[in-house]
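Engineer: Below: one structure in structure tokens.
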Amino acid sequence: MAAFRAGLSELDPARLVERALDAEAGAHRGRVFVIAAGKAAPGMAQGALRRWGDRIAGGLVITVAAPALAARGETASLADPEEAALRPLRVMRAAHPIPDARSVDAAEAALAIAAALGPEDLLIALLSGGASALLAAPPPGVSLADKQAVVAELLEAGAPIQDVNLVRRHLSRIKGGRLAAAAPARVLTLLMSDVVGGLPHDVGSGPTVPDPTRVDEALAALDRWAPRFARLAPAFSESLKPADARRLEARVLADPDELAERVAAALADRAGLRATAAPAEDGDARAIVERRLALARTLAPGEAAVIPCEPTLALSAHRGAGGRAGWIALAALRGLPPDVALLCAASDGVDGSSGAAGAAVARAAAAAMDDRTIDSALARFDDAVVHRALGTRVETGPTGHNLTDLHIVARDFLGGARVR
């Protein structure tokens, strides 16, 4: 856990944005506006204000609503000191992962800012994971209820996030580069990527970057994962293409692979483990459990592997409280060798509906729970209650990050002797 926290700290969004804007010093003389959207939006916006606070004329910070308020659909604001620190930017909050009316309000506000810019202005777009839900602008003929239902269906069917965002980009008035298209200004996009193997257009469904994908690809994804929404096909439209994006620039400041590298380095420094950052993975959670167990059996004493991971998990209509990180940890629990530990955690600190970031388990924990209870929790996607009972929950609270999930598999040192 110390290594996990250290890796996140080293990729502080505010510091990364501040550093990125150093290279822009003196390069622009017109007005500067900021639109920050996603789970890392407050931190990213703080970095922009620290570096260019005297030049930023205004803009928006759009981030997630506090969980208790989100459940009631209420408007929430940042605590007064933090909101004051983000002035002159307006702070808005909306729901995640399913958009709500506040998501529509935020999208309309962002589009209005973009449309009011001139050719001498600069729009700095600060995007991180979660922005897709926070900015929702359904196209004509599609209601918010339609958008909510199709996104929920895609997520519950276990569609990969690239396919979810592919549909979102072509069923929107703001995603797929359309926010940038609304602005006659230069647009600089700085990204904290939460998508395994993702490109800029995958992050937040790419509201300010060109999109190489096509409507027919989006319709194919819809047909595969949510075919009952075929009636929405006429509302799909082409997104902004690279040939039309000469005044746009985008940079990825951090991604899941870099987080894994930082955490692996921290494991070596803090625990003396021979830690390796493994290639990022995605795919079905059940297959990932088998891969984690196979890896656990092959690690040498004192070895660890750090794996960024974007699992998919098809959910039943009736389910309990849990998340994909906690579910994978619980499913692997009884198969781990006795000297191996597994941590599965969401880098944003929010693992589904579990109320935790994930779980850290070793096989000894299974002795406190009978197999029937564990199997029932897995079948009902109700892993949170078991992790609470076992004391295996990982609780960080919201981290201000979103660099996908991280899995750490580590084998204890031989005989307890630490070797470097």
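Engineer: Rounded if a/c is under 1.5, else prolate if a/b is larger than b/c, else oblate: which is segment 170-289, with a ≥ b ≥ c the root eigenvalues of its Cα gyration tensor?
Structural biologist: oblate
Engineer: Per 5 Å bin, what is the whole-percent P(r) computed from every C-alpha pair distance within segment 246-398?
Structural biologist: Reading upward from the zero bin: 2, 9, 17, 21, 21, 14, 7, 4, 2, 1, 1, 0, 0.
Engineer: Here is a further query. Based on DSSP H assignment, which helices of the chain show an axial Cα extent of at least 30 Å together with a mean Kyte-Doolittle hydropathy greater than or equal to 0.5? Spell out each step's value before the answer.
Structural biologist: Numbers: long enough: none.
Answer set is empty.
Engineer: Based on the alpha-carbon gyration tensor of segment 343-414 and its eigenvalue square roots a ≥ b ≥ c, which shape applies: rounded if a/c is under 1.5, prolate if not and a/b is larger than b/c, or oblate?
Structural biologist: Oblate, because a/c is 1.5 or more while a/b does not exceed b/c.
Engineer: Under the √(5λ) rule applied to the eigenvalues of the Cα gyration tensor, what semi-axes describe the equivalent ellipsoid of segment 88-235? Give them in Å, descending.
Structural biologist: 25, 16, 14
Engineer: Also, I was wondering about something else. Accessible area of segment 177-259 with a 1.4 Å probe: how many percent of it is carbon plus sulfur?
Structural biologist: 54 percent
Engineer: In what sequence, highest mean first, do 290-300, 373-383 appear when ranked by Cβ atoms within 10 angstrom?
Structural biologist: Packing proxy ranking, top to bottom: 373-383, 290-300.
Engineer: If you count only protein heavy atoms with a 1.4 Å probe, what accessible area per residue comes out for segment 141-264, rounded to a whole Å²?
Structural biologist: 37 Å²
Engineer: Would you calculate the separation in nanometres between label points at residue 156 and residue 373, each defined as 7 Å from the Cα along the Cα-to-beta-carbon direction?
Structural biologist: Spacing of the two 7 Å Cα→Cβ label points: 2.9 nm.
Engineer: At a threshold of 8 angstrom on Cα-Cα distance, excluding pairs fewer than six apart, so keeping six or more, what relative contact order does the chain reach in percent? Provide the component values of the computation, followed by the final result.
Structural biologist: On the way: 969 pairs, mean separation 61.8, N = 420.
Normalised by residue count, the contact order of the chain is 15 percent.
Engineer: At 0.36 nm per residue, minus the direct Cα-Cα distance, what do residue 271 and residue 217 gain on full extension? Give it in nm, one decimal, please.
Structural biologist: Going from the current span to full extension adds 14.8 nm.
Engineer: Restricting things to alpha carbons, find the Rg to Rh ratio for the chain using the Kirkwood radius for Rh.
Structural biologist: Over the Cα atoms of the chain, Rg/Rh equals 0.98.
Engineer: Taking a point 7 angstrom from the Cα of residue 235 along the C-beta vector, which residues in segment 121-162 have backbone N less than 14 Å away?
Structural biologist: It comes to 136-153, nothing else.
The values are calculated or read from the model by the stated rules, or taken from the named source; none is laboratory data. Bear in mind the structure is a predicted one, so any value in this text is a computation, not a measurement. Every residue, glycine among them, receives a Cβ derived from its backbone with ideal geometry; neighbour counts consider all protein chains shown. In case anyone asks, the SASA skips ligands and DNA or RNA and just uses the protein heavy atoms, side chains included. Shrake-Rupley method; radii C 1.70, N 1.55, O 1.52, S 1.80 Å.
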